[in-house]
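Before any comments, here is the structure.
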Amino acid sequence: MADEYIVEMRHITKRFPGIVANDDISLGIKKGEIFALLGENGAGKSTLMSMLFGMYEPDEGEIYIRGKREHITSPNYATKLNIGMVHQHFKLVSNYTIAENIILGIEPKRRAGIFPVVDIKSTNEKVAALSKQYGLEVDPKAKIEDINVSTQQRVEILKMLYREAEILIFDEPTAVLTPQEIDFLLQIIRGLREGGKTIILITHKLEEIKQVADRCAILNRGKLIDILDVASTSTQTMANLMVGREVDFVVDKAPAKFGKEVLRVEHLTVKNRDNFPVVKDVSFSVRAGEIFAIAGVSGNGQVEIADAVAGMVRAAEGTITLNGTDITHMDIRSRTDLGISYIPEDRQNMGLVLDFTLEDNLALKTYYREPFCHKGILNHEAFSQYGQRLIGEYDIRSGQGKDTVVRSMSGGNQQKAIVAREIELASPLMIFVQPTRGLDIGAIENIHRQILIERDKGRAILLISLELDEIMGLADTIGVIFSGELLKTAPADTLTTNEVGQFMMGVKQNEES
Amino acid sequence: MRRANPITRGVLFLMGDERRQRITIPVFAILLSLIASSVVLLILGKNPMEAFVSLLRGSGILPKEAYAAKKSMLTDFLSLLNAWTPMLFASLSVAVAMRAGLFNIGVSGQMLCAGFIATVTVGYAENLPAVVAKPLVVIIGLVAGALVASIIGFLKQKWNINEVVSAIMLNYIIRYVVSFFVKATINNPSTRQSWPVTASSRLSLMDTELGGLKMDIPLGIILAVAAVILVQFLFTKMKLGFELRAIGGNPVAARYAGVNVGRNTVLVMAISGALAGLAGVTYYLGYFGSIQPDVLISTGFDAIAVCILGNSNPIGIIFSSLLISVIDKGSTYLQSSIGVRQEIGALITGLILLFSACGAFISYLVNRGRQHEEDARKLLSGAGGKEAKA
Amino acid sequence: MIYLNTVIIDGLSFAIPLFIMAIGGIYCERSGVTNLAIEGLQGMGAFVGALAATLVSGMFAADSQAPMFIAMVFAFLGGGLYAVLHAVLCVKFKANQVISGVVINILATALTTFLTSEISTALFGAASNRFRLTTSIRMTVPGLSEIPVLGAVFTNIYPFELIIILVALVAWYVLYKTPFGMHLRACGDNPHAVDAAGVEVSRVRFVAVMISGALSGLGGICFAYSISVQFSSAIYMGYGYLAIAGLIFGNWQIMPTLAACLIFGFARSGGFALTQMMELPSAFTDLFMTLPYIVTLFLLIFFSKSNRAPRALGEIYDKGKR
């Protein structure tokens, strides 16, 4: 049996303090196949593959590579076994060139006089040749900080190929890409399989699996649910197995009833620290009862628009008007008071003070108002009552209730806390940026429902998301941003997913203008 | 997965949960350093217990066997308080900044600057009555310290200059500038220090006869205790304290919540500097009475570690700064009573600070151990349950 | 003219030890570990070196230079070994690196002061708070020293200046040209990338901190020889902090840092010369001593955007966290 598999994992168990990340998992991967690992966030996919790549060692169980029992104690050893991995967060040194990143750890040497030095020149040539061979065009001398995300991903793939990896692990490789870039990547992955490589694809996106994978293992809460043949299984079945219950893909959405204009953004330009415009002359407006969604590839200026409206960054040019008041130069506190709720993209680095208790975090936007504060003195009783109420109403789960330090809570519950806090502000304008990032399907459905409830209460909602499905499912109006410019604004029902994807790549630009 | 041995389990139990560790970890660090110092003392051929007792005796916590005329335990204790006052202020100064996520490594410089300005403005004003001179010294110290430290805050909020770097630069600028003025203007050639300040401006009543005893009465200690209470109130009850803690926890989130981070950064450095200024005047116009050129006293640096030992908590700092002062003050007596060089005091202090810097690691080990224990217990009881069913 | 010569000679003999300490700092900080401990490291290095010189001095003639070279070797080793403490605290125990630096400095002062008096009592029977050192020879290169103005560079050189320049060259080569240097600099930018490339981040950082200590120790003993010809607690004059100013000024790169240290050195010796020339009281030198710090502060203000600390500086690397 074992000969058939290039990788075989038997009875793998891995515990982390407080949780069992992998519970008695056994699976085998055949040479030359694309094997997908499907599961929700926290299902244990990445942990399992990290053990194959030597980043952790299993507490129990055995790993066989090419039929031989191996103790993979380090990424180095995994590399020796011709295993390579593209991590979800790229592991690149930003001030090094592409070539330097690729050779890091296995630097070729040459002699300069009597001293051995790292041989950059021959590396540049080798990398250029390699990138041509696999259709992964890159400039070996470019620095990482100057290239975009999808090129960085190519560097990661080249890193594996340079190390002559035969077993390639991709951890959520499409999370940061546009639909077109995804297509390109999947094509490359297929190409690699043609070249005889074995591919392991970690993902929670069913379409991708359906498109490229041969077989698929489904994980749920650290346990292996099933291993399926992709061609003969429906997407619905995979989804149900992944979540462990029936999943409803369709969002129930009543027709929108637009009210008066709440937010008006005119000719907004935002510059980054290097004085480079990242938002260019953007204009749009959001009405009461409307979900205005901005679609776009990560890093095209959409977060800066949200930040500019909320006051986190300065508008270099243009005006922002909220309910008829010009707020362009208003400070953050005044904007909150005037009526803006903001659920930021980065919940841990912006939305929460992780070392504060839950009740303090829930009052983070209101602590200075009555009844929380009177003449500069805090009323702890008010904090505690308010916290208690929100925890109940929004079903926020934590170890010690309102006194839990937020750092120790799960990502989903942290997000619930932010959503609860911001919705309770009952602001006329609510900005949601990536509200469901990193959450499991149950939590996603829940937040989508809440967004729709707020819309139907007559709030104006500015939704920014990288998930096209989320935008297509929720938006009443869609604006597509590319390279800081709003290329297209149209009612959601007049656009198809494919069209939005085209705009996200900046493709239809000429046609429109 | 096995459970730990009983000794480890006992230690884990004693260290307690994260709340209790705030006390148990520093205590543990102190114990470790006492053990380490004992080893040093044993190598020197001295009895550690005897040495520790002399430290306490020298600082007026325990009675000595004999006292000179007009001296008693009380005089020793008061002179301990005299030395403790600047240390307490300095540690509070560090703590205030630390709670807002800032390192005030410039306390020594701020102390010197405040002390110098108060010395030249009030310290030599012969005719000023004490009731005017003393409050004036306090106010000048407070303002001078606040101004110097707010430069650091300003540089940080305006140009994002790391406060550690700018504070070090300012420390040395102040040190050299003050040295220049002290040497050029108020130098006492015989002591190579500045002339001592007038008794009316001095914040400690030196050599005061009271009840047949001659003692140094530090007036600053009253202010210091008041400062402890105020700082504690600031961080637990006040809106400003909430905002400062938020900045300390996550400056981006604080800004997002509408806190004016820039203004508060300057403000908290000003408060920290004001406390450092008070430390300065209670040192240079209290405990010490003059200024030594070319020297940046170590109090401001020690205070950082004292603050860590006290968990940046005003109440904790009372104990940690007192401990360091006891060692410092008692070490002189240590030399005369059992003949260990008084430099050992600084060494013990250094060891305590060293172990307290490991606090986070100890806490990490303890928490990991506790988690491991809990998992093992669950697993074992789970397995036991299964077996029972089978 | 005489003044100019003195400015150059004294400036160099101050700048060069400062430079090697700053290189040490660069090694540490480019690997991602904040180093406020240079002051303590140089003091401890100087102590070990001075102790070694004192112990061996009996074996050599009174004017022999051998003890000085032995002292340099031991200062190098002593600084490196003492730096293990900083490495353990920062790399292994994941302590706050700023606090660790402060503690290292406090402990170094306490320990060297205590040990100096203990050991000198044991050695000489009388308590003393210093180790006396032998006076270093000065060398002048014939021919080259005759060149107008620049000739001063080759006049009255301390032997340690040459040694330091050699060490600095090696340090430059290792940092920028070897795989180890490449790993080290990568650790300061993105330790996760280094880990994924199969290189042990904690080992690289550990070694970097030790190198930092060794180079600081070397700088420390050279100051002990050039400035006071003795070891005492006066070694803690704040030159370690000046080295930090130098490396920030030099943007964490070796060549610009050399320029910064030279500016500091010449500002200092120039200040001394100026006070002499204008017959000012010696206290005025104190005012000139503020120059390096003021210049660095202004530099930070005007170049705060282009001045870039290593991205992962001060960040504790936890393998488990991704």
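The values are calculated or read from the model by the stated rules, or taken from the named source; none is laboratory data. Nothing here was measured: the structure is a model prediction, and the numbers come from that model. We place every Cβ from the backbone using ideal geometry, glycine too, and count neighbours over all the protein chains shown.
In the stretch B:317-339, of all residues being within 18 Å of C:Thr116 (Cβ to Cβ) and surrounded by fewer than 24 Cβ atoms within 10 Å (Cβ to Cβ), the one that is modelled with the highest pLDDT corresponds to B:Gln335.
Among the residues of this structure, A:Lys80 counts as one that is at the interface with chain C (Cβ under 10 Å from one of its Cβ atoms), of a type in the set (Lys, Arg) and farther than 19 Å from A:Ser46 by Cβ. Applying the selection to the stretch C:242-253, what residues are surrounded by fewer than 21 Cβ atoms within 10 Å (Cβ to Cβ) and either β-branched (Val, Ile, Thr) or at pLDDT below 90 (or both)? Correct list: C:Asn251 only. Total residues in the stretch C:93-126 satisfying the condition of being outside any helix (DSSP H, G or I), within 8 Å of chain B (Cβ to nearest Cβ) and without any contact (Cβ under 8 Å) to a residue 12 or more places away in the chain: the figure is 3.
Please go through (1) of a type outside the set (Phe, Trp, Tyr); (2) away from every other protein chain (no Cβ under 14 Å); (3) crowded, with 18+ Cβ neighbours inside 10 Å; (4) touching a Gly at 6+ places or on another chain (Cβ under 6 Å) for C:Ser145 and return the number of the only condition it doesn't satisfy. Every listed condition holds for C:Ser145 apart from (3). The set of residues from the stretch A:472-483 being crowded, with 24+ Cβ neighbours inside 10 Å and closer than 21 Å to A:Lys280 by Cβ comprises A:Ile478, A:Gly479, A:Val480, A:Ile481.
Residues checked against (1) under 17 Å from C:Phe180 (Cβ atoms); (2) more than 10 Å from chain C (Cβ to nearest Cβ); (3) surrounded by 15 or more Cβ atoms within 10 Å (Cβ to Cβ); (4) charged (D, E, K, R):
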| site | (1), (2), (3), (4) |
| --- | --- |
| A:Arg110 | yes, yes, no, yes |
| A:Asp119 | yes, yes, yes, yes |
| A:Lys126 | no, yes, yes, yes |
| A:Leu130 | no, yes, yes, no |
| A:Leu136 | no, yes, yes, no |
| A:Ile144 | no, no, yes, no |
| A:Asn148 | no, yes, no, no |
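When C:Cys187 is tested against the conditions (1) away from chain B (no Cβ under 14 Å); (2) crowded, with 16+ Cβ neighbours inside 10 Å; (3) within 21 Å of the chain's Cα centre (by Cα), the lone failure is (3).
For A:Ile377, the requirement of being more than 9 Å from every other protein chain (Cβ to nearest Cβ) and either in contact with a strand residue (DSSP E or B) (Cβ under 8 Å, 6 or more places away or on another chain) or hydrophobic (A, V, I, L, M, F, W, C) (or both) is not met. Looking at B:Ala270, B:Ala199, just one residue is in a helix (DSSP H, G or I), in contact (Cβ under 8 Å) with a residue 24 or more places away in the chain, more than 10 Å from chain A (Cβ to nearest Cβ) and among the hydrophobic types (A, V, I, L, M, F, W, C), and that residue is B:Ala270. Annotation note: of B:Ala130, B:Ala95, B:Ala167, B:Ala90, the sole residue that is under 24 Å from C:Gly246 (Cβ atoms) and either touching an Asp or Glu at 6+ places or on another chain (Cβ under 8 Å) or of a type in the set (A, V, I, L, M, F, W, C) (or both) is B:Ala167. Of the residues making up the stretch A:282-331, those that are assigned to a loop (DSSP other than H, G, I, E, B), away from every other protein chain (no Cβ under 14 Å) and not small (Gly, Ala, Ser) are A:Glu290, A:Val297, A:Asn300, A:Asn323, A:Thr328, A:His329.
Scanning the stretch C:292-301 for residues that are at pLDDT below 85 and within 9 Å of chain B (Cβ to nearest Cβ), we see that the one that is surrounded by the fewest Cβ atoms within 10 Å (Cβ to Cβ) is C:Leu300.
Counting only residues that are surrounded by 24 or more Cβ atoms within 10 Å (Cβ to Cβ) and more than 10 Å from B:Ala97 (Cα to Cα), the stretch B:262-286 holds 13 of them. Per this entry, C:Ala273 is counted among residues that are buried (at least 20 other Cβ atoms within 10 Å of the Cβ), over 19 Å from C:Leu258 (Cβ atoms) and of a type outside the set (Asp, Glu).
Mind listing just one residue for me: the one in the stretch A:49-95 that is touching a strand residue (DSSP E or B) at 6+ places or on another chain (Cβ under 7 Å) and among the basic types (Lys, Arg) and, of those, surrounded by the most Cβ atoms within 10 Å (Cβ to Cβ)? The extreme case among them is A:Arg66.
I need the full set of residues from the stretch B:26-68 which are exposed (fewer than 15 other Cβ atoms within 10 Å of the Cβ), under 27 Å from C:Glu118 (Cα atoms) and not hydrophobic (A, V, I, L, M, F, W, C), in order please. B:Gly45, B:Asn47, B:Glu50 - these are the residues of the stretch B:26-68 that are exposed (fewer than 15 other Cβ atoms within 10 Å of the Cβ), under 27 Å from C:Glu118 (Cα atoms) and not hydrophobic (A, V, I, L, M, F, W, C).
Apart from one condition, C:Gly198 fits all of (1) within 11 Å of chain A (Cβ to nearest Cβ); (2) part of a helix (DSSP H, G or I); (3) surrounded by fewer than 22 Cβ atoms within 10 Å (Cβ to Cβ); the exception is (2). Scanning the stretch A:343-362 for residues that are facing chain B (nearest Cβ under 9 Å), crowded, with 20+ Cβ neighbours inside 10 Å and free of Cβ contacts under 8 Å to residues at least 60 places away in the same chain yields a total of 4. For the stretch B:42-94, give me each residue that is in a loop (DSSP other than H, G, I, E, B) and charged (D, E, K, R). Result: B:Lys46, B:Lys64, B:Glu65, B:Lys70, B:Lys71. Among the residues of the stretch B:1-26, those identified as away from chain A (no Cβ under 14 Å), under 16 Å from B:Tyr364 (Cα atoms) and in a helix (DSSP H, G or I) are B:Thr8, B:Arg9, B:Val11, B:Phe13, B:Leu14, B:Met15, B:Arg20, B:Ile23, B:Thr24, B:Ile25, B:Pro26.
Going by the structure shown, is A:Ser46 touching a strand residue (DSSP E or B) at 6+ places or on another chain (Cβ under 7 Å), surrounded by fewer than 17 Cβ atoms within 10 Å (Cβ to Cβ) and not aliphatic (A, V, I, L, M)? No. Please indicate, with yes or no, whether at least one residue in the stretch A:218-229 is touching an Asp or Glu at 6+ places or on another chain (Cβ under 9 Å), assigned to a strand (DSSP E or B), polar (S, T, N, Q) and on the phi < 0 side of the Ramachandran plot. Yes, the stretch A:218-229 has at least one match. When the stretch C:261-291 is filtered for residues that are at the interface with chain B (Cβ under 7 Å from one of its Cβ atoms), outside any helix (DSSP H, G or I) and farther than 26 Å from C:Glu161 by Cβ, the ones remaining, listed by number, are C:Pro281, C:Ala283. Residues that are at pLDDT 85 or above and touching a Cys at 6+ places or on another chain (Cβ under 6 Å) number at least 1 in the following strands (runs of 3 or more DSSP E) confined to the stretch A:13-87: A:34-39. For first residues located in the stretch B:148-159 and over 17 Å from B:Gly280 (Cα atoms) and within 12 Å of chain C (Cβ to nearest Cβ), partners that are at pLDDT below 90 and not in a helix (DSSP H, G or I) and lie 6+ apart or on another chain with Cβ distances below 6 Å form the pairs B:Leu155/B:Ile161; B:Trp159/C:Ser304. Could you please find all residues in the stretch A:46-63 being touching a Phe, Trp or Tyr at 6+ places or on another chain (Cβ under 8 Å) and over 16 Å from A:Ile29 (Cβ atoms)? Those that are touching a Phe, Trp or Tyr at 6+ places or on another chain (Cβ under 8 Å) and over 16 Å from A:Ile29 (Cβ atoms): A:Thr47, A:Gly54.
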